[in-house]
């Protein structure tokens, strides 16, 4: 049986020439372009669309908008399936597949409906009170069972195959909502010359103008809306965004908005399904409209019971009849309008029941009028069949349109903790207190619930906003219209029934639950919400909250404003996690930084490791090597035997210039740089303000006023930021300038006894790099390969004779290939970060493991580097008593007493014979490796008075991972303690 | 005295994006090579002398914050208080030499020619694509031709310059050039 009004009596705003096939629970049906899934289901006579959360009660479509609590369906199939979609906002497309949720067996015979029989036990707090013991059962048994019985839809469990995007928009005036107030505001703002964004969650802008039958400017409201939209579209300064929900109001005029791009199409065709926009506005006008609220009465949740305004929306906009014999239950004038509209669309009115005593308007002929009446019960298991009045009269009906008045959609006004205020004239909360910066509210959202007022308010708010931004408001007038009858009364629920009356349809919260919660001592509305779950889940109580508050207020003998509301938080409507993630998924989660030798390293089979955003070669396995240690041992031995090459581009390089550059570095570093001769490099140590070591690195002096600093890879950005802070805030009088040169230079370490011989083959002959001409810690500008500008540093991290050579990044790839070619004679070996680490542990150099923010120069054995002749950041605090205690931990080396034993970093040192407990802790192991040179594992670590205890044996205990072994305290320099190699 | 010409380097130069170009129905994205970039930090107290030197060398005024100034083949970009970047056709040899001569000791220079990948985005769809990654307002009223700003796109620092009404030059770090290219390409695809 069709519930679509014939075009002859109601055209509706649908395209009857375009039929769309869709299915619901396997039943094939057709709708039209312009339908929502809900309107198409109603037109096809479908009443039952789902089961309730807890009691598995049969439920039907309750609203016509984003506030829908009942009609949650799963759209699409497989990995594309999207649970908990509100059928009322799902735009119909050809081939749409929808399924109902939360039932076992078919929808009309849900086995879990047995819960409804158990309802006397399943009241608020039931789970908390019942499933108390044994404690372990909650996670293992109770919760899984309850979760599977109660709830909403299910995710497919497959990876989301859709893509999402984000974006940034800017405007002078953001208008939120394209109903009468929003259209009026956007038009006036645009005509005044402002850049306007008009966002509306619907695919057809117009709001209630499309749902009602009022006239604006002498034409039907929907036509005025269409004409206004057309004018706005023609203006270059206006961006009209349909299918876009502004879901959050953030700081300083920033709004979050979700635009549905392809949800209304059968396939996204590779394009992002949704775009999450960040909108920067100078002014915003909230025209979010109002949401109709229900009245609570016994069995008020049957399919066929719907908000009155929604029955009008379906009848007027979609030409779809929610029922053929409609009963109206109202506490305000809107109910009466419903009667007229439903009759015009071809329905019959069974009765109008108004709790008030005097009829405000004329009812259509044939409708029974019951003034001062109320509904005490309803009948019909899977669809409404009848209603029973308080006077005992029973009326046969297939649709009950309920109107309890309207609540302004104040949500976005409260996103910065604003509290709405009670307006007794409309019995509702309206925006109040402090609004988000730059926000104005117009139309129903502000409590102006009639048409002419909406148009006028939108116009006025736009003029004010335009003026605030320095525009001259256009002299145009708001579109003329009349104000409809809108008297209302405070009537929330029909009391004194033993049967259940629903307050929150989505969470199955009844008037009894609210009263019970009050009896059990929950006085704050926030507690009421948590205890009963009222106002949770996808609809966030848009239709329920005020009813719950009213009942709670009644129970506590307070007024509604005294009771207050729960806080409103973003998002206004649900936002998919995928949309929040945007493109940040999988390998695109973060950008990747590649060194200039990356391609070459890839060709040579390198295994890469992530170091921050960098990918660095970790080791280069050779054919036949089956374990990473084989490769690393070979690389480390090759460096000590002949020569190796390692890409060290990732280390931070900061160009420091200016007349005060040297003085500036003296202030930053613990040691002195003003005494460093040009052409020399010095190792430097930086402290935090609190005296802990911040970072280390070498700084080279290329000129009187020009230094090049290196930082660790991890701290490159942090050190630069800190130096900028020092430059701008601590030493603004200094002439010193910083710029990162990390990306400018490709830099390679060339290390090993043959490194000089190798370099002599590429460095221009005019440059003397002999030990005398270019000694340890020398630096200079050279040319390589017949003319390429390069920088050469004689520094060593491995303890060997070593250099670092840098060329402009464009030549990095060519240089590494050339070095490998030139070094063939010496069996040059590329080495990765693992071998680099082995070499530095063997030499006893500290890295991030040791400079972990908890260690001082003294701890590191570098106390002599803290100059006493000058000040530097952190110097005073480094002198704190506890930090210079004789008992302080010192960096030393560790070797297992039994060379076969494994060492682990993170192990703690205790004296032999002591228990492995915190009280006996003497320090910890920071770095370990297998030393192919010493053929045993070795480690670096901090231990109390370590420098005085060389030769002592202690226990390295790691109870967490169950390993304990005896270790000997040794010098941290496992090789070449005198440093002859690097000076050779 | 004539400058000594640097011999041709036998080391082959590689551009960060291998000369990438792509077309998107009338909008193009192309790597720009052959430009040198030098940072200039004005020496404390030399602001006036610096401005005079710039005027003398290139017949342009030092640009105010958020802007660049262009004349012929060069573009001087404001990048921070007291800091500018000069974009010019790559000279033979060290790009610092000609700039050093021009500013004659009023600014400290650093070669940044190899620090960035440079992409030029040109065409009617350029702004729509940038809307997906660029937080700046590119409306001509806020970001006119010759405007320049440093910003962040997809976690990457970018120096954005509006060369013409629908032509943008984007500079982003060399090491992450491929991620940046992908970010711009994806934006073009997503807005097609």
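The residue list A:374, A:368, A:350 contains one member that is touching a residue at least 12 places away in the same chain (Cβ under 8 Å), in contact with a strand residue (DSSP E or B) (Cβ under 9 Å, 6 or more places away or on another chain) and within 20 Å of residue A:489 (Cβ to Cβ), which is A:374.
For residue A:74, the criteria (1) more than 25 Å from residue A:20 (Cβ to Cβ); (2) out of contact with any helix residue (DSSP H, G or I) (no Cβ under 8 Å at 6 or more places or on another chain) hold in every case but one, which is (1).
Please verify whether residue A:717 is more than 28 Å from residue A:975 (Cα to Cα), in a helix (DSSP H, G or I), within 13 Å of chain B (Cβ to nearest Cβ) and in contact (Cβ under 8 Å) with a residue 40 or more places away in the chain, treating the condition exactly as stated. Yes, satisfied.
If you go through the range B:75-91 and keep only what is surrounded by fewer than 20 Cβ atoms within 10 Å (Cβ to Cβ), in contact with a helix residue (DSSP H, G or I) (Cβ under 9 Å, 6 or more places away or on another chain) and not in a loop (DSSP other than H, G, I, E, B), you end up with just B:88.
Filter the range A:889-914 for residues that are farther than 17 Å from residue A:946 by Cα and in contact with a helix residue (DSSP H, G or I) (Cβ under 6 Å, 6 or more places away or on another chain) and give the result. Residue satisfying the conditions is A:914 alone. The sole residue among A:966, A:935 that is at pLDDT 95 or above and in contact with a strand residue (DSSP E or B) (Cβ under 7 Å, 6 or more places away or on another chain) is A:966. Among the residues of the range A:751-773, are any closer than 23 Å to residue A:655 by Cα and either surrounded by fewer than 19 Cβ atoms within 10 Å (Cβ to Cβ) or more than 14 Å from every other protein chain (Cβ to nearest Cβ) (or both)? No, every residue in the range A:751-773 fails to be closer than 23 Å to residue A:655 by Cα and either surrounded by fewer than 19 Cβ atoms within 10 Å (Cβ to Cβ) or more than 14 Å from every other protein chain (Cβ to nearest Cβ) (or both).
The lone criterion from (1) at pLDDT below 80; (2) more than 26 Å from residue A:379 (Cα to Cα) left unmet by residue A:98 is number (1).
Among the residues of the range A:267-277, not one is modelled with pLDDT of 95 or more and away from chain B (no Cβ under 14 Å). From the set of residues in the range A:278-294 that are surrounded by 24 or more Cβ atoms within 10 Å (Cβ to Cβ) and more than 17 Å from residue A:202 (Cβ to Cβ), which is farthest from the other protein chains (Cβ to nearest Cβ)? Looking at the filtered set, the residue picked out is A:294. Among strands (runs of 3 or more DSSP E) entirely within the range B:142-192, having at least 1 residues that are under 13 Å from the mean Cα position of the chain (by Cα) and facing another protein chain (nearest Cβ under 9 Å) singles out B:167-173.
Inside the range B:92-102, residues that are exposed (fewer than 13 other Cβ atoms within 10 Å of the Cβ) and either away from chain A (no Cβ under 14 Å) or at pLDDT 95 or above (or both) make up a count of 1. For the range B:113-128, the candidate set comprises residues that are more than 10 Å from chain A (Cβ to nearest Cβ) and more than 12 Å from the chain's Cα centre (by Cα); within that set, the residue that is surrounded by the fewest Cβ atoms within 10 Å (Cβ to Cβ) is B:124. (1) farther than 26 Å from residue A:762 by Cβ; (2) more than 14 Å from chain B (Cβ to nearest Cβ): which one isn't true of residue A:613, the others all being true? In the conditions (1) farther than 26 Å from residue A:762 by Cβ; (2) more than 14 Å from chain B (Cβ to nearest Cβ), residue A:613 misses (2) alone. Identify the residue in the range B:27-50 that is under 24 Å from residue B:171 (Cβ atoms) and not in a strand (DSSP E or B) and, among all such residues, is nearest to the other protein chains (Cβ to nearest Cβ). Per the criteria, the residue is B:33.
Summed over the range B:135-158, the residues that are touching a helix residue (DSSP H, G or I) at 6+ places or on another chain (Cβ under 9 Å) and crowded, with 17+ Cβ neighbours inside 10 Å give a count of 6.
Against the criterion of being within 29 Å of residue A:788 (Cβ to Cβ), in the same structural domain as residue A:795 (by TED's automatic domain parsing) and modelled with pLDDT of 95 or more, residue A:676 does not qualify. Test each condition in (1) within 30 Å of residue A:730 (Cβ to Cβ); (2) touching a residue at least 12 places away in the same chain (Cβ under 8 Å); (3) in a helix (DSSP H, G or I) for residue A:981 and report the one that comes out false. With (1) within 30 Å of residue A:730 (Cβ to Cβ); (2) touching a residue at least 12 places away in the same chain (Cβ under 8 Å); (3) in a helix (DSSP H, G or I) applied to residue A:981, the lone miss is (1).
Within the range A:493-520, the only residue that satisfies the criterion of being over 34 Å from the mean Cα position of the chain (by Cα), under 17 Å from residue A:62 (Cβ atoms) and part of a loop (DSSP other than H, G, I, E, B) is A:500. Of the residues making up the range A:950-974, those that are surrounded by fewer than 17 Cβ atoms within 10 Å (Cβ to Cβ) and either closer than 30 Å to residue A:638 by Cβ or over 44 Å from the mean Cα position of the chain (by Cα) (or both) are A:950, A:951, A:952, A:953, A:966, A:968, A:971, A:973. Looking only at the range A:775-784, decide whether some residue is part of a loop (DSSP other than H, G, I, E, B) and either within 13 Å of another protein chain (Cβ to nearest Cβ) or over 51 Å from the mean Cα position of the chain (by Cα) (or both). The answer is yes, given that some residue of the range A:775-784 is part of a loop (DSSP other than H, G, I, E, B) and either within 13 Å of another protein chain (Cβ to nearest Cβ) or over 51 Å from the mean Cα position of the chain (by Cα) (or both).
The values are calculated or read from the model by the stated rules, or taken from the named source; none is laboratory data. Not measured: the values here are computed from a predicted model. Cβ coordinates were reconstructed from backbone atoms using ideal geometry, including for glycine residues, and neighbour counts include every protein chain displayed.
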